[in-house]
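The structure appears below as structure tokens.
No value in this document is a laboratory result; all are computed from the given coordinates. Note that this is a predicted model, so its numbers are computed, not measured. Positions of Cβ are backbone-derived with ideal geometry, glycine not excepted, and every protein chain shown enters the neighbour counts.
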Amino acid sequence: MNTESTEIVHECQRCGACCRWEGDVCLTDADITAIADYLRMKEVDFINEYCHLQRNRRGLSLIDAPDGACIMLTKDNACRIQEVKPIQCRDFPFKWNFPGWEKRCPGAKCKNTPTS
Ligand code: SF4
Ligand code: SF4
């Protein structure tokens, strides 16, 4: 009997959709240091200009642009801080994701593999 297992593979299309999804873009202390340095800002100025309290009040996250996208997303769907983007952004979708993420991410593809 032939059966198949379905594996989700991911190749980012750089569409920027995940930078427009609802929810916090959380920042670690190391993220704040690296991003402020990259933007040549003092940490306190970066925090004042680009950060707010997470919804769970446990840390800081990036603010949204007026259209709801992440403040660091450019009009060309690029990340203005790509080289130092937050670990939350770097780790998606391999180290964390959420149920149904593959339906919202154009880079996710189902790959069927025969198992016998
Ligand atoms: S939604 Fe998926 S394909 Fe689009 S930028 Fe994000 S990770 Fe890449
Ligand atoms: S920091 Fe960059 S990769 Fe992360 S959500 Fe914002 S624009 Fe997207």
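A few remarks follow.
- To the nearest ten degrees, helix 29-38 and the longest principal axis of the Cα atoms of the chain are 70 degrees apart.
- The per residue volume of the convex hull around the alpha-carbon atoms of the chain is 124 Å³.
- Inter-probe distance in nm under a simple model that places probes 7 Å from Cα toward Cβ, at residue 75 and residue 17: 2.4 nm
- Estimated dipole of the range 19-77 in Debye, rounded to 20 [Cβ of Lys and Arg +1, of Asp and Glu -1, Cα centre]: 120 debye
- DSSP-assigned coil residues among trypsin sites (Lys or Arg not before Pro) in the range 52-116, each with at most 11 further Cβ atoms within 10 Å: 55, 57, 58, 75, 95
- Taking every DSSP helix (H) stretch of at least 4 residues in the chain, weighting each as -39,500 (n - 2.57) and dividing the sum by the residue count yields a mean residue ellipticity at 222 nm of -5500 deg cm²/dmol.
- Protection proxy ranking of 45-52, 6-13 - average other beta-carbon atoms within 10 Å, highest first: 45-52, 6-13
- Charge sum, other residues only, whose C-beta stays under 13 Å from residue 112's C-beta, Lys/Arg counted +1 and Asp/Glu -1: 0
- Once the chain from residue 91 to residue 104 is taken as fully extended at 0.36 nm per residue, the excess over their C-alpha distance is 3.0 nm.
- Mean Cα-pair separation over length for the chain, i.e. relative contact order, pairs under 8 Å, 6 or more apart, %: 48 percent
- A simple charge model with +1 on the Cβ of Lys and Arg, -1 on the Cβ of Asp and Glu and nothing else charged puts the dipole of the chain at about 180 debye relative to its Cα centre.
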